[in-house]
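A short worksheet on the structure shown next.
The values are calculated or read from the model by the stated rules, or taken from the named source; none is laboratory data. In this text, all values refer to a predicted model and were calculated from it rather than measured experimentally. A quick note on method: Cβ atoms are made from the backbone with ideal geometry, for glycine too, and the neighbour counts reach across all protein chains shown. For the accessible areas, the whole protein counts, side chains as well, though only heavy atoms, and no ligand, DNA or RNA atoms are used. Shrake-Rupley method; radii C 1.70, N 1.55, O 1.52, S 1.80 Å.
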Amino acid sequence: MGLIEKSERPVLYVGGGIITGNASEKLFRFAEATQIPVTTTIMGCGCFPETHPLSLRWLGMHGTAYANWAVNGEFEQRQKNTDPMNKIANGADLLLAFGVRFDDRVTGKVEKFCETGTIVHVDIDPSEINKNKPAHLPIVSDIKFALGRLCEMIKERPIRKKFTAWHEQIASWKAKAPFAYRVTDEVNRSQHMRDHLQGKENEVILPQMAVEVLYELSKGEAILTTGVGQHQMWAAQFYKFKFPRQFLTSAGLGAMGYGYPAALGAKVACPDREVVDIDGDGSFLMNVQELATAHIEKINAKVMILNNQHLGMVVQWEDRFFQGNRGNTYLGDPENMKQIYPDYPLVCQSFNVKCERVVFKKDLRPAIQRMLDAKEPYVLDIIVPYTEHVLPFVPAGHTVADMIWKLKG
């Protein structure tokens, strides 16, 4: 408690351990009692409501810029990796790391992660302590028990500090760099999209837009599952999770094909809740045979395919680091590039599962509503451009000083 009272810029960095330890309610009580901002890992999405004013959403390679700045500080954007770093604002001076493992997708260059902060690491697994990042105060404990004791201590001796200046700094960061998207000239120049838009470039559907509409129409109450790739990151960025186990994703395991089987399981477990697999065309194909399970067992799980005809995340890395050279990342038929391949409406028809394809923005909202209203398995095949990149982006092994977060144009 003394560390909290001495700090000026504390941050709660919490992960999947909060969810598996059933400690979300205790975390909520602790955060509200201390008024410490909360950021999560991908595995921790939903352990603290992302609609709460204290939420920084999630951090790391594709997390919010403001969560990354809150932990590491804000730097002037580098033009080259050799440019000197000029710090604009300081990050956390106290990092309360609860149920996390300091994964490299969160930390980037691990020795630079929260470089000037005091780190308190609480984890039930002693092998995780000091494994990736040394802790100033390591604690081996069940996280629900630890948070319960902290709540009791605060009740006996409340934290008087309000961290007003820190909250003001975070508010300015949130206003400066929210998750955002824009239709760029690069999208309009894409032959892939021109073939399908037929001169209606203003009707292009961006993948972020599709997730945003789903969030609105489902009122933020759906359980989401994903495969692996750009669609996974956009699902986590543009859907705000409010409760534990609302976002089911393989995260660090990188298991393409995870999304639809997970959706079937979630729907069986929670039949009264809407369950939607947001998937990529590459990931969905990995376990497409589970459409038979959905039909035969009458499991009303939905699929929203963000179909860009490519392995999107690999394409992004090819564009960023390999001058756009393609290494078998195009998934369509090279002899008939105007065709959407494979033809998911025909594939789904063979499984007796309904499928609708959407190409134009004007058709997106009603199509998603029809998907949600369906009382049976339903696939929505949404055609999107492959030129979109997931931003923010901290390149692997780099620091927040190298974060790419500004949109083109």
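The single condition from (1) more than 26 Å from the chain's Cα centre (by Cα); (2) in a helix (DSSP H, G or I); (3) modelled with pLDDT under 95; (4) surrounded by fewer than 20 Cβ atoms within 10 Å (Cβ to Cβ) that ALA165 fails is (3). Residues in the stretch 61-75 that are in a loop (DSSP other than H, G, I, E, B) and not small (Gly, Ala, Ser): MET61, HIS62, THR64. Please verify whether ARG320 is in contact with a Phe, Trp or Tyr (Cβ under 8 Å, 6 or more places away or on another chain) and farther than 16 Å from GLY282 by Cβ, treating the condition exactly as stated. It is true that ARG320 is in contact with a Phe, Trp or Tyr (Cβ under 8 Å, 6 or more places away or on another chain) and farther than 16 Å from GLY282 by Cβ.
Listed by first and then second residue, the pairs linking a residue in the stretch 172-184 that is touching a residue at least 24 places away in the same chain (Cβ under 8 Å) and farther than 9 Å from TYR66 by Cβ to a residue that is among the aliphatic types (A, V, I, L, M) and open to solvent by 50 Å² or more (accessible area, probe 1.4 Å), with Cβ atoms under 6 Å apart and 6 or more places separating them unless they lie on different chains, are ARG182/LEU407. Of ARG78, ARG101, all but one fail to be of a type in the set (Lys, Arg), under 27 Å from TYR181 (Cα atoms) and either in contact with a strand residue (DSSP E or B) (Cβ under 7 Å, 6 or more places away or on another chain) or not in a strand (DSSP E or B) (or both); the exception is ARG78.
Listed by position, the helices (runs of 4 or more DSSP H) enclosed by the stretch 183-262 that each have at least 1 residues that are among the polar types (S, T, N, Q), under 22 Å from GLY63 (Cβ atoms) and open to solvent by less than 10 Å² (accessible area, probe 1.4 Å) are 207-217, 230-238.
I want to confirm something. Restricting to the stretch 281-305 and keeping residues that are among the aliphatic types (A, V, I, L, M) and assigned to a helix (DSSP H, G or I), which single residue is surrounded by the most Cβ atoms within 10 Å (Cβ to Cβ)? For the stretch 281-305, the residue satisfying everything is ALA294. When the stretch 206-261 is filtered for residues that are aliphatic (A, V, I, L, M) and at positive phi, only ALA251 remains.
Selection of first residues in the stretch 83-96 that are without any contact (Cβ under 8 Å) to a residue 12 or more places away in the chain and of second residues that are not aliphatic (A, V, I, L, M), restricted to Cβ pairs under 8 Å at least 6 apart or on distinct chains, gives the following pairs, ordered by first then second residue: ASN86/PHE75; ASN86/GLU76.
Of all residues in the stretch 334-377, those satisfying the criterion of being touching an Asp or Glu at 6+ places or on another chain (Cβ under 8 Å), open to solvent by less than 60 Å² (accessible area, probe 1.4 Å) and in a helix (DSSP H, G or I) are TYR344, PRO345, ALA367, MET371, LEU372.
For first residues located in the stretch 243-272 and over 23 Å from GLU25 (Cα atoms) and modelled with pLDDT of 95 or more, partners that are small (Gly, Ala, Ser) and surrounded by fewer than 23 Cβ atoms within 10 Å (Cβ to Cβ) and lie 6+ apart or on another chain with Cβ distances below 8 Å form the pairs TYR258/SER250. Give all pairs with beta carbons closer than 8 Å in which a residue from the stretch 335-349 that is assigned by TED's automatic domain parsing to the domain that holds VAL303 meets a residue that is surrounded by fewer than 15 Cβ atoms within 10 Å (Cβ to Cβ) and not in a loop (DSSP other than H, G, I, E, B); count only pairs at least 6 apart in sequence or on separate chains. Going by the 8 Å Cβ cut-off, the qualifying pairs are MET337/GLN191; MET337/ASP195; LYS338/ASP195. For the residues THR329, THR387, the requirement of being free of Cβ contacts under 8 Å to residues at least 24 places away in the same chain and either in contact with a Ser or Thr (Cβ under 9 Å, 6 or more places away or on another chain) or more than 18 Å from HIS196 (Cβ to Cβ) (or both) singles out THR329. Hey, among VAL106, VAL100, which residue is aliphatic (A, V, I, L, M) and either in the same structural domain as LYS242 (by TED's automatic domain parsing) or touching a Leu at 6+ places or on another chain (Cβ under 9 Å) (or both)? Sole residue among the options that is aliphatic (A, V, I, L, M) and either in the same structural domain as LYS242 (by TED's automatic domain parsing) or touching a Leu at 6+ places or on another chain (Cβ under 9 Å) (or both): VAL106. Restricting the stretch 85-129 to residues that are open to solvent by less than 80 Å² (accessible area, probe 1.4 Å) and of a type in the set (S, T, N, Q) leaves a set whose member that is nearest to LYS26 (Cα to Cα) is THR118.
Can you work out which of the residues in the stretch 130-156 that are of a type in the set (Val, Ile, Thr) and open to solvent by less than 20 Å² (accessible area, probe 1.4 Å) is nearest to ASN72 (Cα to Cα)? Among them, the one singled out is ILE143.
Of all residues in the stretch 267-279, exactly one satisfies the criterion of being open to solvent by 10 Å² or more (accessible area, probe 1.4 Å), touching a strand residue (DSSP E or B) at 6+ places or on another chain (Cβ under 6 Å) and either hydrophobic (A, V, I, L, M, F, W, C) or not in a helix (DSSP H, G or I) (or both), namely ARG273.
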